[in-house]
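All remarks here apply to the structure that follows.
The values are calculated or read from the model by the stated rules, or taken from the named source; none is laboratory data. No experiment lies behind these values; they were computed from the predicted model shown. Using ideal geometry, Cβ is built from the backbone for each residue, glycine included, and neighbour counts are taken over all protein chains shown.
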Amino acid sequence: MSRKTEHIEKVYVAAAGRLLARAADNRKLTEQNLIPRIRGAVEKYLLRDDPQTASGLVEDFIDKLQADDLCLIVACELGDQHAWNDLVERFTATVRSAARSASSNEEGAEDLAQSIWAELYGLRVSAEGKPAGKLAYYSGRGSLAGWLRAVVGQLAVDQHRKQSRLVQTEEDADFDRIIQQSQDDNNWSGHGGVVNPEQEVSTKLAGAQLQKALSASLRQLSAEDRLLVKLYYFDGLKLHEAGALLGFHEATASRRLTRIYGDLKQRVETILMEQGWSKPETKRAFSEIALHLEADIEPLLAGEQVLLKKENEIAG
């Protein structure tokens, strides 16, 4: 073993120890249980592009991995039945929600949700005689919930291709390709410039779920509040102009918009958490994705002027 290789192995051991210490439940794993997964992630996302990556950057990369999620997945791979039960219990809602977003009907969504667990555990057997499932692809760089949504989306694509009798590529290579595509301007917040493909593949699916939650939340607003949102955000009226049309002062319009934003945020977070999202995920999604949904929200608000007029006529 070269001096450089010996040094990086020591880095892995020390970083694995810190990861176990960070985990709320380390599943009684050891550093040696984690090192193969950590080494694979580092080689794939750092050393492949820059074999001379400084050890400090390697340590920083590892220290930003999702400790509890990674321990859970590695324990599942090692045959820990309690860990597997925890995985299914904690993420069934997430999987079902993602399946509904990726399917055209409820029956298809249920089939997809049921299929994902077999895919994760492994329908094939590796050369070592162990199940060869999708769990092996989770690196710990993004949240496990976000990664599972990406896996559901990929499985939906696979099923569609099979139903359409399209030629399939080799399964592992295809999964790895899909998990790395759709990279945009969003970078992982860990190692500068390193993109998080697991999170980005799930962005479209997460956006669809967020849009549904946002649409449902908008419908819960009063007609006047929806009209105010439309006038200000989509018709381009200034606050005093929107307020004048609705019969109140600019300051009142400003306070109302602040209150409406807070109401929408709370309602959207509640809906997404009921679908299996974590609170940090809902906060990040609302701030990062909602800003790009204006074109999809506008049709929901387009008829509010007519609706409000009718309601006022009835009230009058």
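Hey, can you tell me all the residues within the stretch 36-52 that are in contact with a helix residue (DSSP H, G or I) (Cβ under 7 Å, 6 or more places away or on another chain) and of a type in the set (Lys, Arg)?
Those that are in contact with a helix residue (DSSP H, G or I) (Cβ under 7 Å, 6 or more places away or on another chain) and of a type in the set (Lys, Arg): Arg37, Arg39.
Look through the stretch 234-270, keep the residues that are assigned to a loop (DSSP other than H, G, I, E, B) and among the hydrophobic types (A, V, I, L, M, F, W, C), and return whichever of them is modelled with the highest pLDDT.
Ranking the candidates gives Phe248 first.
Inspect the stretch 40-52 for any residue being polar (S, T, N, Q) and farther than 30 Å from Lys4 by Cα and give the result as yes or no.
no
Go through the residues of the stretch 197-208 one by one and say whether even a single one is touching a helix residue (DSSP H, G or I) at 6+ places or on another chain (Cβ under 7 Å), farther than 26 Å from Ser104 by Cβ and at pLDDT 50 or above.
no
Being of a type in the set (Asp, Glu) and in contact with a Gly (Cβ under 6 Å, 6 or more places away or on another chain) is the filter here, so list the residues in the stretch 26-68 that pass it.
The answer is Glu31, and nothing else.
Could you check how many residues of the stretch 94-117 are of a type outside the set (Ser, Thr, Tyr) and not in a helix (DSSP H, G or I)?
Residues that pass the stated criteria total 1.
If I filter the stretch 19-34 down to residues being crowded, with 16+ Cβ neighbours inside 10 Å and part of a helix (DSSP H, G or I), which single residue comes out as nearest to the chain's Cα centre (by Cα)?
Here the answer is Leu19.
For (1) within 30 Å of Gln209 (Cα to Cα); (2) assigned by TED's automatic domain parsing to the domain that holds Glu9; (3) more than 19 Å from the chain's Cα centre (by Cα); (4) not small (Gly, Ala, Ser), each residue gets a yes or a no:
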residue: Asp50; (1), (2), (3), (4): no, yes, yes, yes
residue: Leu78; (1), (2), (3), (4): no, no, yes, yes
residue: Ala99; (1), (2), (3), (4): yes, no, no, no
residue: Ala102; (1), (2), (3), (4): yes, no, no, no
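For the stretch 213-266, give me each residue that is of a type in the set (Lys, Arg) and crowded, with 18+ Cβ neighbours inside 10 Å.
Arg226, Lys230, Arg256
Give me the residue from the stretch 47-57 that is at pLDDT 90 or above and part of a helix (DSSP H, G or I) and, out of that set, surrounded by the fewest Cβ atoms within 10 Å (Cβ to Cβ).
So, considering only residues that are at pLDDT 90 or above and part of a helix (DSSP H, G or I), the one surrounded by the fewest Cβ atoms within 10 Å (Cβ to Cβ) is Gly56.
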